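Colleague: Here you go, one structure.
Laboratory data are not the source of any read-out in this text; all were calculated from the coordinates shown. Remember, predicted model here, so these are calculated numbers, not experimental data. Quick reminder, even Gly has a Cβ in these numbers, built from the backbone with ideal geometry, and neighbours come from all protein chains shown.
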Amino acid sequence: MIGHNLENKTNTDPLFNRLRFLSYDRVIKDDLPYAEFNTPEIGLAVNSNEDISFYLSSAPGAMSQTPPVVSTPDIVIPGSAAVNYVIKVGVTTHTQFASILDGNIFTNEPGNASRKVGSYILMTDATNYKWVPVVSLSVVSGVLSIGLSVEEVGYEVYINLGEMFFVSAPNWLVHDSINSEFYSAKFNGLYDDFIEGIVTSGDKVHDTAEALPWFIRFTNYQYGAMTGEGFITDNASTVGNTSPIMGATSYAIPSALVQAFDTDDFATHQLLPIPISGAYLESDGITPSDDLLVQSLAGKLNATIEIDVTASANLPINEIYISKVDYNSVVQVHDYLVSAEVGPNGESRLTKITRIVAEGTLLRLITDAPMKKTIIIGGQTVERYREVETIIEYYKFFELKGFTLNSAYHMPDNTQARVDAIYRDTLAPHLNLFKALIDKDNISFRYIVDSFGLGIQTESKFQLAQLAKQRQNATAILNAPSMEDFKKSTNPRFTDAGGSLNTRFIAEGGDLSKNPDFVYSLPIINNGANYSAFFTPYIVMRDRGKNITVPPAGLASNNYIDKFVNALPWSIVAGPRRGVITGLGVVGLEMNFNKDDRDNLEPFGLNPIIFQRGVGLMISGNKTAQQNPKSALSSVHVREVLIYIQDGIAEILKDYQFEFNTPQTRLEIKTLADNFLRGIQQDQGVFDFKNVMDESNNTNEVIDANMGVLDTFIEPVKGLEVLIHRTTVLKTGAIATGQFR
């Protein structure tokens, strides 16, 4: 867990710049100040000029700006989160909705420390005041409905000087003057740091009045569940501060209880002072702080060791003396000390203890780099850390809630806009997911299979083609739009005057005589045209007793995978041997193409799937999206063989990285590359090839740049896409006498 390799990567790799474990999110020994804070009470206008109403859910017609009083029949079951009191606010007709409510009010769920915590609204029974949880929010017809769960009779919304009051999210940090300890609420920075492990039990706090710092303990605590515990607010309402929570057994605030002890076994409780001027000291034991100041030490992973300053005076900077009696059982070889060197952003680094030498009453610690020495009153200390596996006592397993797909955002809704949004938010080149997918050392895959329909747009599905191109060793198997979508499209239009689909218009991008706003096209070369193959039409399948149409790419991809088992990686996936579409429930095709249709679609770059008598459904095309200009890369199998060659050569070159660039090394590489390509040639992947790696392409300039260049030239084998049979009738005897040509 802790060591130079991991630490070094954290500090040098800009793509891996945060290690979120215990306090390593910051420097290892850090002075972390936390100021006392009272949660703001937010006022919202309630008057005859504002669109705001109150009513009991049991009497939905009784809406008024006068808050109703909850009676016994209206009461909900405690902790049920049932709504019995609703506040309705006009989204556009209440003048403070945008500035105050929007984005500042949230729902609660009942439960314990892991529950969802949201907003609370102040209510009263004319004598008492309580904060009531918001349990539902909904917007219908321009009205926001705020649902409350009121568990006691006689309560209504508290209004003072034309305002009601709510707390957006409990985030106080308060000093308990009776018990001399602190409470940090759910949304306070100290609570966040406690949950994330930035501060832990075993860290320290130094009271200015004490000679030595104390150890602090953090405990999960349900604030508000105990009698006498109320919200800690700025009291804008004049009555909200210290007012309790209604239904506190279900809606208490998950908090961190912070207590101090004189030893790390937490035996004797100490009194934390009120954070006033200079009440706490930083880890140097000198600098005062007005805030609660935690000296973050990563808890049980560390030990503070005092240096024998006098004995260490003449030692090298990577050596110190410490007391053998005090620390013989505390340190061992391969432990780590905090290093004097820090990362570019102040991150702590560690230096390993390489030797420990016993010299009388002292131990001499020798590290592989200078260690960080912290000045304290009367001396100096260093911090020792161990690998986490050496000090843990048990593993605690916990369950993570699964991610829920939101149909309003994450799922397609049969619109091009939603598909574009999904691509834009996941596969834009600047996003981390895109960068991870094009990193061949990070993840392995061979095909990108399109699962979306639609696509009537300029450079259809270019996002997936672009991903394949940037990765360089993947082919994108993509869906052309369905014939039904082409028929329905009016701008551009693909139907003739009689309303029948005309595939010539598909190849032309639409009926250009109609002056469409855009034309349908496939990706250009720069966006991966020759790394992608489009298939059409949709496949008809039987599902749950009825026929449905599905995009063809998924079924076509099965054939591409099968060739790695039944043929060769560069075999052409088309025709009756490797192009037959099979699968459970396959019935037929959305449209049966005739010869004219195929003659229109194939030159455009769409691979038709046809029904062939005696064979069944069959891929009848081997085209990439690059059909203009036409080249060898206009055929899918050529891209496939190139990928195989480039991956194979890359594996050869890996073994020679950092070898000397000499004629002997270059000859070895060329020989291996020749042998590799000869095998492909024998299996009909290429007609011919030539590898060059000599002084002609490894010039002095190339060598001085610490580079080596291997150039590979290939002539790919072409496919029999069109077979022509010619029959000639001759007169008798012509064949025997050779009188024909």
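Colleague: Among Lys469/Lys670; Lys440/Lys630; Lys435/Lys690; Lys186/Lys401; Lys595/Lys731; Lys461/Lys488, which pairs are too far apart, with a Cα-Cα distance over 25 Å?
Modeller: Over 25 Å apart, Cα to Cα: Lys469/Lys670; Lys440/Lys630; Lys435/Lys690; Lys595/Lys731.
Colleague: What's the local net charge at Val615, with K and R +1, D and E -1, over the other residues with C-beta under 14 Å away?
Modeller: For residues surrounding Val615, the net value is +3.
Colleague: Still on this structure, I have one more. With a 10 Å Cβ neighbour count serving as the proxy for reagent exposure, in which order, fewest first, do Tyr656, Tyr385 appear?
Modeller: Fewest-to-most Cβ neighbours within 10 Å comes out as Tyr656, Tyr385.
Colleague: Using modelled backbone amide H atoms (1.01 Å from N, in-plane), which distant-in-sequence or interchain residues come within less than 5 Å of Asn607's amide H?
Modeller: Placed amide hydrogens put Phe534, Phe535, Thr536 under 5 Å from Asn607.
Colleague: Across region 196-203, in residue order, what do the Karplus-derived ³J(HN,Hα) couplings come to in whole Hz, using 6.51 cos²θ - 1.76 cosθ + 1.60 with θ = phi - 60° and x for Gly and Pro?
Modeller: 7, x, 5, 10, 9, 4, x, 5
Colleague: Related question: Note down the net charge around Lys461, summing +1 for each Lys or Arg and -1 for each Asp or Glu among other residues with Cβ under 11 Å from its Cβ.
Modeller: -3
Colleague: Using alpha carbon centroids, what distance separates region 503-528 and region 196-252, in Å?
Modeller: Using only Cα atoms to place each centre, the spacing works out to 65 Å.
Colleague: Next question. Under the rule of -39500 (n - 2.57) per DSSP H run of 4 or more residues, summed and divided by the residues of the chain, what mean residue ellipticity at 222 nm is obtained, to the nearest 500 deg cm²/dmol?
Modeller: On the way: 16 runs with 141 residues, N = 741.
So the helix-based figure for the chain works out to -5500 deg cm²/dmol.
Colleague: For the Cα atoms of the chain, what angle does the longest principal axis make with the long axis of helix 416-427, in degrees from 0 to 90, nearest 10?
Modeller: Here the helix axis deviates by roughly 70 degrees.
Colleague: What ranking, highest mean first, results for peptides 418-428, 630-640 when packing means the other Cβ atoms within 10 Å averaged over each residue?
Modeller: Per-residue Cβ counts within 10 Å, averaged per peptide and sorted highest first, yield 630-640, 418-428.
Colleague: Any chance you could check the Cα centroid distance between region 294-373 and region 686-741 for me, in angstrom?
Modeller: 69 Å
Colleague: Please give every one of the aspartates and glutamates within straight-line cross-link reach of Lys116, meaning a C-alpha to C-alpha distance under 16 Å, and leave out same-chain neighbours fewer than 8 residues apart.
Modeller: Result set, ordered by chain and number: Asp192, Glu399.
Colleague: For the pair Phe187/Arg355, report the inter-label distance in nm, with labels modelled 7 Å from Cα in the Cβ direction.
Modeller: Output for this residue pair reads 5.8 nm.
Colleague: Let me ask something else. Whole Å is fine, so just give me how far the alpha carbon centre of region 457-495 lies from that of region 624-674.
Modeller: Using only Cα atoms to place each centre, the spacing works out to 29 Å.
Colleague: Provide the per-residue ³J(HN,Hα) series for region 543-556, in order, calculated from phi with Karplus coefficients 6.51, -1.76, 1.60 and θ = phi - 60°, each as a whole number of Hz, with x at glycine and proline positions.
Modeller: 9, 6, x, 9, 8, 10, 9, 10, x, x, 4, x, 5, 5
Colleague: While we're here: Mind listing which trypsin sites (Lys or Arg not before Pro) in region 522-575 are in a DSSP loop and have 16 or fewer other Cβ atoms within 10 Å?
Modeller: Values: sites: Arg542, Arg544, Lys546, Lys563; in loops: Arg544.
Taking region 522-575 and a limit of 16 other Cβ atoms within 10 Å, the loop trypsin sites (Lys or Arg not before Pro) found are Arg544.
Colleague: Let me ask something else about it. Full extension from Ala428 to Asp562: what is 0.36 nm times the residue separation minus their Cα-Cα distance, to one decimal in nm?
Modeller: This chain segment gains 45.1 nm when fully extended.
Colleague: Could you go through region 492-500 in sequence order and give the Karplus-derived ³J(HN,Hα) for each residue, using 6.51 cos²θ - 1.76 cosθ + 1.60 with θ = phi - 60°, rounded to whole Hz, and x for Gly and Pro?
Modeller: Here the 3J(HN,Hα) series is x, 9, 10, 10, 7, 4, x, x, 8 Hz.
Colleague: Same structure, new question: Between Thr95 and Thr227, what FRET efficiency follows from the Cβ-Cβ distance if R0 is 25 Å, with the result rounded to 0.05?
Modeller: Computed FRET efficiency for Thr95 and Thr227: 0.05.
Colleague: Continuing with the same structure: Using modelled backbone amide H atoms (1.01 Å from N, in-plane), which distant-in-sequence or interchain residues come within less than 5 Å of Ser119's amide H?
Modeller: Phe106, Thr107, Asn108, Val134
Colleague: Using 0.36 nm times the number of residues separating Lys487 and Thr671, minus their current alpha carbon distance, what extension gain do you get?
Modeller: 60.6 nm
Colleague: Something else: Name the residues whose placed amide hydrogens come within less than 5 Å of the amide hydrogen of Ile307, ignoring near sequence neighbours (fewer than 5 apart) on the same chain.
Modeller: Gln380, Thr381, Val382
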